[in-house]
Amino acid sequence: MARKRALVVDDSKSARVILSRMLEKYDIEVDMAESAEQAIEYLNGNRPDAIFMDHLMPGMDGLQAVKAIKSNALTATIPIMMYTSQEGELYVGQARALGAMGVLPKQVRPVDVSKVLYELHLLPDRRDTAEPALAPVELDGSGVVGPTAGRSSAINAGIGDLRPPSPDWARRMEVTVKEQSADIRRFIVASLDSFAARIVSDVREFASAPAKEPAPPPVAATKRQAWPWAAAFLAVVSVIAVTCAVLWAQSREELAKSRVELAAQATANAELKRSSQEMATAVKDLTAALAASAALTASTAQAGGSAGARLEPVPYGEIPFDRSRLEVLREFLTKLESQGFHGVVKITSASGLFCLTGNPTDGFAPASAALPVGKCDLVGNPYEESPTGQQRQSLAFANLVAGVRQRSAGAISVVIENVGSSRPASPYPPRTEALTAGEWNRTAASNNRVEFTAEPNPP
């Protein structure tokens, strides 16, 4: 059976590589395109078995590409699966309305990939290869089931009708018996040779051993008067030995106690040192946060005064302009509209550099708190690759920004900026052997943030 072929369309190189490696594990050939326009040009001369389409891309986005592919009669039958970070039933409904089969999230598990491949018919259905559990039978003229009828006929016909075994079967049986007989014969001969060699060796050793001379008769003790001195000497030696043993045991106990005390003292010193380092790190983080807050206030004042500023952290792995940040922006814009604000609302996204473990195929995750920073597989943020703010916002976020511009008749405009990791709010600690991933990721979490600033128009 020919290998299946899939087309992966995504402007992010890492996303294309991760999905292609997952598909290649299922023996699927993968072609890649970095834009919707390049994918449509590819379809002019190729017909893949399925298409995985990203949503937010420069130029034509994923939904527009799906609409264009489904409107072409030559490509309308190709199944399309959206491969994106977008969530929500509203987005899934929009994608399916345009012709996509569903949405595959970028934070996907291998089991989800296999389910999607079965839906896209890129993997054969396991039920198609299963053999039937029951074989069809036929009824003879007497109404007896086929196998039973055959057995009854053989019995009625008599033993003389049974067929003898074929000559080929008898010849193979004879060859097998001869081979087994030869193996048994070789085993018996080898065992007898080994047993005979052992007997001959034992006889030779016995024959070459010298004859033992008779033991001399015991010599009678001539000086029995020397035994009291020997007994006294042994008693003195025993007392000295017992004294030395007691002193050695006491010394060993004292040495063990000293080692335990030294170990406890070393542990206490290590705990004290670690506590002091954590306190120093906390002081640095607090100082950096205060400095960043003061700098933000100063920059806002220099811009001509603002109606307010807000800073919200972004947990690792989430889209910056979504979830809790969406509610903060809604509250912020509602407050500005109620005050009759006229000006620009600036939304700035900054990324933190996290200590991560994992690989590009299975994805990365924050390392355990006790892991040294030097053993991290990656110090960075894979979600920092999106070049514009539009690729870092959800559909609901974009609708909210467009809605406030319409409601205020252009009095309030929203500007989105992505500064990446170039402007950390808190300085990262120096990388030393004692620095742990927990201490590093606390600073990275404070730098992974979204800032909301309102700058009024000059009078």
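One table, with the values for the structure above:
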| item | result |
| --- | --- |
| Every residue from region 72-110 that is more than 20 Å from Asn399 (Cβ to Cβ), open to solvent by 70 Å² or more (accessible area, probe 1.4 Å) and modelled with pLDDT under 85 | Gln107, Arg109, Pro110 |
| Residue in region 418-426 that is closer than 21 Å to Ser324 by Cα and charged (D, E, K, R) present | no |
| Of all residues making up region 96-107, the number that are without any contact (Cβ under 8 Å) to a residue 40 or more places away in the chain and either in a loop (DSSP other than H, G, I, E, B) or more than 25 Å from the chain's Cα centre (by Cα) (or both) | 5 |
| Residue that is over 27 Å from Leu435 (Cβ atoms), at pLDDT below 85 and in a helix (DSSP H, G or I), where the choices are Val203, Val283 | Val203 |
| Options Gly358, Gly410; residue that is at pLDDT 85 or above and open to solvent by 20 Å² or more (accessible area, probe 1.4 Å) | Gly358 |
| Boolean, Pro366 is open to solvent by 20 Å² or more (accessible area, probe 1.4 Å) and at pLDDT 90 or above | yes |
| Residue match in region 232-254 (condition: over 60 Å from the mean Cα position of the chain (by Cα) and modelled with pLDDT under 80) | yes |
| Segments classed as strands (runs of 3 or more DSSP E), wholly inside region 324-372, with at least 3 members that are more than 30 Å from Leu23 (Cα to Cα) | 343-350 |
| Enumeration of residues in region 369-395 that are surrounded by fewer than 18 Cβ atoms within 10 Å (Cβ to Cβ), closer than 30 Å to Glu331 by Cβ and at pLDDT 80 or above | none |
| Every pair of residues 6+ apart whose Cβ atoms lie under 8 Å, when the first sits in region 47-58 and is polar (S, T, N, Q) while the second is surrounded by fewer than 22 Cβ atoms within 10 Å (Cβ to Cβ) and in a strand (DSSP E or B) | none |
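The values are calculated or read from the model by the stated rules, or taken from the named source; none is laboratory data. Predicted model only: the values in this text are computed from it and were never measured. Counting neighbours? That spans all protein chains shown, and the Cβs are built from the backbone with ideal geometry, glycine included. These area figures cover heavy atoms from the full protein model, side chains too; ligands, DNA and RNA do not enter into them. Shrake-Rupley method; radii C 1.70, N 1.55, O 1.52, S 1.80 Å.
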